[in-house]
């Protein structure tokens, strides 16, 4: 019986190995980068255009109004920041109006979010006659211009004696149609069997909602909170009609008083707008993941 050895011979071991074939990975990466370069260029231009107004606001808040209209325009920060800040505080009590806006926005956000979450849960979970009609009414209210509601709402607040009060700014818009619709869509995909199992185990409706349902919709709730806070912080028309005392003004209303008939303090306006924008930017930077996850929560179906 002949035994065939499988060991490589010395000549085969000493023979030079074939050079490795060049891979196409670097070429493919370079090709993809070249194809995507127009997209990256367009995104860079869009980012620069978006940042430019904010950069100009920073520069303008550190110069005087006369320097802003000089030739050439200033492109670097100046040395009038503290002077403009002192003048802004003296003219509109800016620290006080910032606290007013924060108080109104926080209270409105808390109660409006509670109303939106509970109404959305009811419309998504409970089966009752007229549910579709009620949802249609909620959606129709989103199509009504706010200018149509100003006169009747003003008469209601005047009849209640709430003119120049914070409750007149907060209460009329607690039921946010967009928030109700957003939370309804978030709760539609929740399995009803879990709610029924909790009821069988003896949990009441409030405990079932708080312990089982609400944690699942946490991203949507975070997005609702951010959206509600920003919308109330930037509200102008309704607080302008309701608030008459300067010490009760919100930030948009107070900044509007700096626009006179013959003279406008542009440097003060820029500084006030910059300071009013910083809390919103900080809020979005802290909760941006929750905000994006909440908006895209229903986009992908498993």
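Derivation of every value follows stated rules applied to the coordinates shown; laboratory data play no part. Keep in mind that this is a model prediction, so the values were computed, not measured. When we count neighbours, we look across all protein chains shown, and the Cβ atoms used for this are built from the backbone with ideal geometry, even at glycine.
In this rough spin-label picture, where each label sits 7 Å from Cα along the Cβ direction, the residue 237-residue 192 distance is 4.0 nm.
A straight line joining the Cα centroids of the range 104-180 and the range 184-202 runs 26 Å.
Scattering from the chain was approximated by placing one identical point on each alpha carbon and applying the Debye formula without solvent; log10 I(q)/I(0) at 0.12 1/Å stands at -1.01. Summarising the label geometry, the points placed 7 Å from Cα in the beta-carbon direction at residue 204 and residue 230 lie 3.8 nm from one another.
Remark: the residue 37-residue 103 segment gains 19.1 nm on full extension, using 0.36 nm per residue and subtracting the alpha carbon distance.
Taking only Cα atoms and a 10 Å spring cutoff, compute GNM fluctuations for the chain and point out the largest among 169, 115, 45. Looking only at 169, 115, 45, the largest GNM fluctuation is found for 45.
Kirkwood hydrodynamic radius, computed over distinct alpha-carbon pairs, for the range 75-228: how many Å, to one decimal?
Over the range 75-228, the inverse of the mean reciprocal pair distance is 18.8 Å.
Within the listed set 116, 66, 165, the residue fluctuating most in the Gaussian network model of the chain (springs between alpha-carbon atoms under 10 angstrom) is 66. What residue among 99, 174, 52 shows peak mean-square fluctuation when the chain is described by a Gaussian network model with Cα springs under 10 Å? In the Gaussian network model the winner is 52.
For the chain, the longest principal axis of the alpha carbon atoms and the long axis of helix 266-286 meet at an angle near 50°.
Using the Cα coordinates of the range 24-130, the gyration tensor eigenvalues translate into equivalent-ellipsoid semi-axes of 40, 38, 10 Å, sorted from longest to shortest.
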